[in-house]
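Since the structure comes first, as structure tokens, the remarks are kept for the end.
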Amino acid sequence: MPTPPALETPSVKPRSSRPPAETPSKRQPSKTHSVYIKTYGCQMNVYDATRMADVLKTVGYEVAPGPEDADLVLLNTCHIREKASEKVFSELGRLHQLQKKRTRPMMLGVAGCVAQAEGKEIQRRAPYVNLVFGPQTYHLLPSMLKEVEAHGPSHKVLMLDFPSTSKFDFLPEETLDKGPVSFLTIQEGCDKFCTYCVVPYTRGIEVSRPVDDVMAEAVRLVEGGAQEIVVLGQNVSAYHGQGPEGTHYGLGDLLRGLAMRLEKAGLKRLRYTTSHPRDTQSDLIKAHGELDMLMPFLHLPVQSGSDRVLKAMNRQHPRARYLDVIQRFRQARPDIALSSDFIVGFPGETEEDFEDTLSLVREVGYAQAYSFKYSPRPGTPGALREDQIPEEVKAERLARLQALLNAQQLAFNQRFEGQTVEVLIERQGRLPHQWIGRTPYMQSVHITAEGLHKGAMVKAHITKGLANSLEGTWMRHAA
């Protein structure tokens with residue numbers, strides 16, 4: 001992930017009665033230090049990284065472009081995919097070599113889900129790491145750093161608690177100017193306990209942020225230049241935030257409130273991810289038919305098309321329930337495009353089970369999808385099963401599934417050839433005058449033109465649909 005630029009220190013409004021030593025807003029920056037944060041994994045980790053930078057800003061840390069000159073290097077980790085922890089240990093080894101060559105101290109920290117799941121193992125295998133902390137405790141970074149400063153550079157901090165109070169109550173306000181697209185976490189954790197997944201063990205149970213807190217952060221993001229907000233949660237469709245006067249908002253209510261509050265302020269687009277079919281409510285589906293600001297793109301993971309495998313995964317819904325939800329979304333928003341996640345080779349999966357997955361893909365038709373071989377995650381029920389699928393079988397099935405999904409994505413993109421679409425420019429490309437933006441359907445569009453800038457909302461004539469992107473020309477004078 002590109003590190004965010006160094007930004008001005010945010011103004012901080014205390015929102016709790018936590019002891020002053022542990023509240024970032026009560027600590028004043030002394031001399032300037034630098035931090036480099038390397039992030040792995042999901043969009044929520046990207047959000048967490050920006051908030052870590054906000055917390056560290058309050059105690060004098062500026063963001064560095066790389067680890068070479070940073071006083072503090074943090075690895076913000078993900079534990080979902082295969083060999084996640086080994087990638088972390090490999091990177092730690094490289095950083096340790098850099099650490100030994102340095103003439104001034106460099107602190108190392110491991111954050112996120114690998115830290116939460118394997119914190120003691122990190123301390124055993126990488127004793128040179130100063131800080132190991134999970135995703136629910138990064139608001140305590142100032143006190144962790146103070147502890148290391150008090151005891152010397154060899155001191156180690158292990159912080160893997162699940163605090164009874166939400167970290168969001170203690171975070172400083174966001175620094176501004178984070179680009180045209182901003183992430184906003186509204187919900188964390190998961191109560192579903194799918195048998196392949198570590199999230200309930202690393203992120204905890206489902207917790208939703210209060211509506212007023214979400215609204216206030218969204219307003220600040222738009223004031224800082226955001227034209228698109230992506231609302232995040234491990235199971236965002238389970239959002240049940242406390243609203244005014246003791247009311248409770250579902251995700252549909254929240255999206256309506258955000259659209260109403262932020263349209264005049266300049267917000268153009270709303271998205272959300274990631275949803276669970278079991279928690280998808282009629283009110284959320286209805287919102288897709290009501291809100292123009294809510295983009296016609298839905299990421300709804302299914303993992304398998306086999307009822308037998310879905311039951312073994314503890315997905316808590318059959319294939320028919322998933323297809324019914326998809327049909328209802330399409331009735332509410334006929335132009336909606338769909339994305340999903342798939343796991344092949346879950347223990348006990350037969351060829352017939354896998355064929356059920358292929359048939360579901362053909363029946364639904366996806367604009368995008370993410371597919372992976374099952375990899376046992378330590379501590380999950382799936383890892384204990386004796387009917388593991390051979391690697392060569394998983395690889396062959398994954399190749400067949402991806403061939404089908406790739407063909408669907410290419411066909412979806414080619415449908416846009418000759419059409420004019422709205423594109424939000426997000427960043428510069430690698431070529432001269434090349435800009436990259438996204439359509440409402442999450443397609444990446446490459447446009448080569450002078451006069452564009454990050455944050456521009458433009459019309460583009462699509463000249464070619466490719467496997468993973470579109471090529472287009474800027475309709476400079478289009479209304």
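Annotations for the structure displayed:
- Here is the P(r) of region 167-414: all C-alpha pair distances, binned every 10 Å from 0, give 7, 29, 33, 22, 9, 1 in whole percents.
- The charge dipole of the chain, taken about its Cα centre with unit charges on the Cβ of Lys, Arg, Asp and Glu (plus for the first two, minus for the last two), comes to roughly 800 debye.
- Near Lys454: Cβ cut-off under 9 Å, other residues only, Lys/Arg at +1 and Asp/Glu at -1. The net charge is 0.
- Spread over its residues, the convex hull of the C-alpha atoms of region 420-474 is 69 Å³ per residue.
- Normalised contact order of region 312-377, rounded percent, pairs of Cα under 8 Å and 6 or more residues apart: 42
- Inter-label distance, Leu404 to Asp69: 5.3 nm, where each label sits 7 Å from its Cα along the C-beta direction.
- Proxy reagent accessibility, fewest Cβ within 10 Å first, across Met107, Met260: Met260, Met107
- Backbone amide hydrogens, once placed in the peptide plane, bring Phe346 within less than 5 Å of Tyr374, excluding anything fewer than 5 places away on its chain.
- The C-alpha atoms of region 334-479 occupy a region whose extents along the principal axes are 62, 31, 25 Å, arranged from largest to smallest.
- Ordering Ser154, Val458, Pro390 by the projection of their Cα atoms onto the charge dipole of the chain, which places +1 on the Cβ of Lys and Arg and -1 on the Cβ of Asp and Glu, puts Ser154 at the extreme positive end.
- Two-decimal log10 I(q)/I(0) for the chain, as the Debye equation yields it once each C-alpha is a single scatterer, q = 0.05 Å⁻¹: -0.19
- Each Lys and Arg Cβ is given +1 and each Asp and Glu Cβ -1; about its Cα centre, region 20-159 then shows a dipole of about 260 debye.
- In order along region 365-371, the phi-based Karplus estimate (6.51 cos²θ - 1.76 cosθ + 1.60, θ = phi - 60°) of 3J(HN,Hα) comes to x, 10, 7, 8, 6, 10, 9 Hz; Gly and Pro are listed as x.
- Total lysine pairs in region 167-414 at Cα distances under 23 Å, for residues eight or more apart or on different chains: 11.
- Cut-off 12 Å between beta-carbons: net charge of the residues surrounding Pro67, Lys and Arg +1, Asp and Glu -1: 0
- For region 192-204, 3J(HN,Hα) per residue [Karplus equation, 6.51 cos²θ - 1.76 cosθ + 1.60, θ = phi - 60°, Hz, x = Gly/Pro]: 7, 6, 4, 6, 9, 10, 9, 4, x, 8, 9, 10, x
- Proximal charge balance of Met44 [Cβ under 10 Å; K/R count +1, D/E count -1]: -1
- Dimensionless Rg over Rh [region 63-154; C-alpha; Kirkwood]: 0.94
- Cα-projected label distance for Leu358 with Gln434, points at 7 Å along beta-carbon direction, nm: 3.6
- Region 310-339 and region 37-99 have Cα centres spaced 35 Å apart.
- Under-5 Å amide H pairs with Thr185, H placed in peptide plane, nonlocal only: Leu232
Bear in mind that the values in this text are calculations on the coordinates, not laboratory data. None of these values were measured; they are calculated from a predicted model. Note that each Cβ is placed from the backbone with ideal geometry, even for glycine, and that neighbours are counted across all protein chains shown.
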